[in-house]
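Readers should treat all values here as calculations from the given coordinates under stated rules, not as data from a laboratory. Bear in mind the structure is a predicted one, so any value in this text is a computation, not a measurement. Neighbour counts run over all protein chains shown; Cβ positions are idealised from the backbone, glycine included.
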Amino acid sequence: MPADPGDAPGDRPPAAAVRDRAAAVGAVLGFSFSLGSASLILPLLALASGYDPATIGILTAISAVSQLALRLQLPAILAIVPDRTMIVAANGMMVASFALLLVSREIPAFVVAQLLQGGARAMFWTASQTHAVRSRDGVVRSLVIVQVVGNVGAFAGPAAAGIVAAGSLDSSLVLASAAGVVGLVASLLMLRLAPYPKLRRGHGPRIWRRPGVDLACWAGYSAGGWRAMLSSFVPVALTAAGQAPEVVGALLAATEAAAMAPAGFLLRRRTPNIRRAIEIGVLVVTISLGILPAVVASAPLAGLVLVLGGVGSGLLMSLGPALASQSVGPEEQGEAIAVAGTFRAGALLITPAAVSAALTVVALPTGMVVAAFAIGGPALAAAASRSRAAAASA
């Protein structure tokens, strides 16, 4: 008997579509809460276990190894595996990573936990985005909704985990694991859509070099670099400056809350200038990360800078996949989104690894400033290159 191809978007009755949207919201909320908690818990857990900042950076980079390796295979996987299956597996991997750290705090346990979380990130965000763009709500609107719900979880996760971690790091791990279970159960209730069709390659440019997709890819790179710093060296820098765990958690939560700010504007405007918004987002993220080391001793100033960076990252996370999706035909949307996500995963690997290497010769503040320009430069260069090309052809 042939495998069930799943439901096509146009075949979904209204009740099934409503159930699918509600289940998808629950899956995104549970996963993002769990992942947001991890961005605070894992660095603090490593510090409490006696590991130095450079080691924490390397551990963060290890997470990106599995994410990048899996993302490179996602275009092929999307033609075989339903996106719902990937979402279920991703939530299960998050739960397993926290359970492992409840048992052991040795380096191998951290390594395996980071590998699990990296793979979970790769599958979840790509699958949730490809699932969303096949709805009837429009590409930008659907992706903005996914991003907003993800930011809600990422906002609540560090805030709740910071409060709980002030009393017990083990309890914060249990909290994060419980959120993953919620996401797992919700994802099981989502509709099983058919995998994307297998594509036959022509002789045109590779998809990541096409107009629109190229900027989306480098926007993903900037967003990934920002996320990598938030998950590693930003909590370390804040802690080193004397900020308490609950304050660090609140600052990270404020950053995630700020990432939701662009959503109202994007949801109201049917045709936003996606390219210009992405350029602004990259510039804001770059400047924010560059000046953060100078203000980490002041919680209000650090919060202001992180909030500005959060707004920029919110633009990138919502509009990067939208630009990639709109720059290709329907049959290539999954691949375009996956490729843009691969650039994001690359930044998650390169950024903390490069900063960790730089810490052997420079102080952490200097390393953070260098990282800021490294994550923003390629996207700004790509935007400038396309502008010059457009002007030359006009």
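Near Leu193, the amide H atoms lying under 5 Å from its own belong to Asp7, Asp83, Arg84; only residues 5 or more places off or on other chains count, and H is placed 1.01 Å from N. The sum of -39500 (n - 2.57) across all DSSP H runs of n ≥ 4, divided by the residue count of the chain, sets its helix-only mean residue ellipticity at 222 nm to -27000 deg cm²/dmol. Cβ-Cβ distance of Lys198 and Ala294, R₀ of 41 Å, FRET efficiency by 1/(1 + (r/R0)^6): the value works out to about 0.20. Three principal axis extents of the range 99-141 based on alpha-carbon atoms, in descending order, are 47, 14, 11 Å.
With all pairs of different alpha carbon atoms counted, what Kirkwood hydrodynamic radius in Å does the range 225-362 show? For the range 225-362, inverting the mean 1/r across all distinct Cα pairs yields 16.1 Å. For the chain, the alpha carbon convex hull comes to 139 Å³ per residue, rounded to a whole number.
Both numbers refer to the Cα atoms of the range 147-294; Rg and Dmax are 19.1, 59 Å. Separation of the range 308-386 and the range 100-115, taken as the distance between their Cα centroids, equals 27 angstrom. Checking the a/c ratio against 1.5 first, then a/b against b/c, what shape does the Cα gyration tensor give for the range 68-166? Oblate, because a/c is 1.5 or more while a/b does not exceed b/c.
As a proxy for reagent exposure, Trp226, Trp125, Trp208 were ordered by neighbouring Cβ count within 10 angstrom, fewest first; the result is Trp208, Trp125, Trp226.
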